[in-house]
Amino acid sequence: MTPHGKSLPRRLWPGAVAHGLVLTLAALQGTAEASGFRITNQSLGAVGLAGAHIAHTPGPDSSYYNPANMAWLADQWQAETSLTALHLPSITYSDHRSSTFNGSSEDELFFMPLIHAASPQYNDLRFGFSLTYPYGLSKRWNQPFPQASAEEFSLLIVEANPTVAYQVRPWLSIGGGLSVIYGKGEVESELLNPPLAQIAPLTTLSRSSDGSDTQLGYNLALSLRPVEQWTIAATYRSEVDLNLSGDGQLRALLEATSLSPYSGSSAIGVTLPAVFSLATAYTFERLTVELGWDRTFWSSFAQLDFQYGQDFLGTAFDVFDRAVAKNWQDTDAYRLGLTYTWNDRWTTTLGFAYDETPVPSETLGFELPDTDATVYCAGLRYRYSPAMELGMSYMYHRTRTRSVTNASGIDGTFTDGGAHAVTVGVIASF
């Protein structure tokens, strides 16, 4: 490595120029958002690389992104702790029929503490652990038309993922793990007359429901390293079906008179889709380039169907007791990541991704007015000592305008929105 503080040798200039060119392009353009309610980037490195972090995972977060790669880590304990601040700006809805139906969602700010760890070698085995938030959703609307379906619609998913890697050959490693998934959801919606005259003679219909569940899944990984500089990797995370069971309340008002409210059990099924990833990475002197593709099997998310302790079909609460078709589609994401080591202290990363939305116009709702995503990321790491590295990464999503007319009553245009994420973290070895 070049000693700290000295200039780069001329032979390394092309890599540095390429790294800077991608940064310039990222600053000049941008559209869209993420795929469904999947949160791809779950570590300091992944945020700075737009998720192009499957084949080249030189740190403890390999326990999550590719446990097979733990076989090639330094023979010592490694741990990463990081905190991600995720900001979701307001989305604006402009109705094509009447401004009475217009609305804007609330700004959202979330903090996600993340943990990754990897063990030294025990014979040919390595062990790891990750605590992540791989899926999540939150939308709040306070205007009459949007809040009829999504006054509040939130989903929190936490995953604890112990993993193991086995080095079959010096050039071949396999890995896998058990996923312990905890999910918690909350839904509130309120229909007001006016402006929603279809609930007449009622003046208000409202729903409040919350539930939680814990289920198991698994992940698998395979890595090939034909030469030291080149890695080819494949990973798979299984589908997990959650049944979020808890309490629900349904209320109906005729003027100021309450009509037989319901307070009892409620449940809703939520499917977390399987994900398959392929990636390859090659290191040219100081520059590592990774190309990745992943498919998220969102077609398993077919409907939202709330279940209650009794049947409400044909009653005032009929609208809350009918399954809502979603019919999401499988999606592809394409990722590019660049990691550049300037010297023995400083490392920078850049990432770009194009991520398709699974949400068809026919079933798009206010709980997730999603679009295709173009994602731009950058990261900076500083090696404070041989045993400690500090870092910060930034991710930017910019949503494009999407106009929708569908049978659920939406006839308008969604603008603004997007997402910003900042992750700060510490990587330690001992």
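Worth pointing out:
- Number of the condition not met by R140 [criteria: (1) out of contact with any Lys or Arg (no Cβ under 8 Å at 6 or more places or on another chain); (2) in a loop (DSSP other than H, G, I, E, B)]: (2)
- Any hit, the stretch 360-371, residues being in contact with a Phe, Trp or Tyr (Cβ under 9 Å, 6 or more places away or on another chain), more than 21 Å from Q303 (Cα to Cα) and either of a type in the set (A, V, I, L, M, F, W, C) or in a strand (DSSP E or B) (or both): no
- Single match in T339, T415 (criterion: modelled with pLDDT under 95, part of a strand (DSSP E or B) and out of contact with any Leu (no Cβ under 6 Å at 6 or more places or on another chain)): T415
- When we screen V240, V275 for residues that are buried (at least 20 other Cβ atoms within 10 Å of the Cβ), modelled with pLDDT of 90 or more, aliphatic (A, V, I, L, M) and under 19 Å from T214 (Cβ atoms), the only hit is V240.
- Number of positions in the stretch 144-201 that are among the polar types (S, T, N, Q) and either more than 24 Å from L109 (Cβ to Cβ) or out of contact with any strand residue (DSSP E or B) (no Cβ under 9 Å at 6 or more places or on another chain) (or both): 7
- Lone qualifier among A117, A148 - being in a strand (DSSP E or B) and either surrounded by fewer than 18 Cβ atoms within 10 Å (Cβ to Cβ) or of a type in the set (A, V, I, L, M) (or both): A117
- Restricting attention to the stretch 215-231 and to residues that are surrounded by fewer than 16 Cβ atoms within 10 Å (Cβ to Cβ) and in contact with a Leu (Cβ under 8 Å, 6 or more places away or on another chain), the residue that is farthest from T288 (Cα to Cα) turns out to be Q215.
- Total residues in the stretch 176-230, condition β-branched (V, I, T) and under 25 Å from the mean Cα position of the chain (by Cα): 4
- Screening the candidates A353, A378, A421 for the property of being part of a strand (DSSP E or B), within 15 Å of G36 (Cβ to Cβ) and within 19 Å of the chain's Cα centre (by Cα) yields one hit, A353.
- The residues on offer are S138, S149, S104, and the sole one that is over 30 Å from I174 (Cβ atoms) and under 21 Å from the mean Cα position of the chain (by Cα) is S138.
- Of all residues making up the stretch 225-260, the number that are closer than 30 Å to I157 by Cβ, in a strand (DSSP E or B) and in contact (Cβ under 8 Å) with a residue 40 or more places away in the chain: 14
- Of all residues in the stretch 390-401, those being crowded, with 21+ Cβ neighbours inside 10 Å, in contact with a Phe, Trp or Tyr (Cβ under 9 Å, 6 or more places away or on another chain) and assigned to a strand (DSSP E or B) number 3.
The values are calculated or read from the model by the stated rules, or taken from the named source; none is laboratory data. Everything numeric here is computed off the predicted structure, so don't read it as measured data. As a convention, Cβ positions derive from the backbone with ideal geometry for all residues, glycine included, and neighbour counts pool all protein chains shown.
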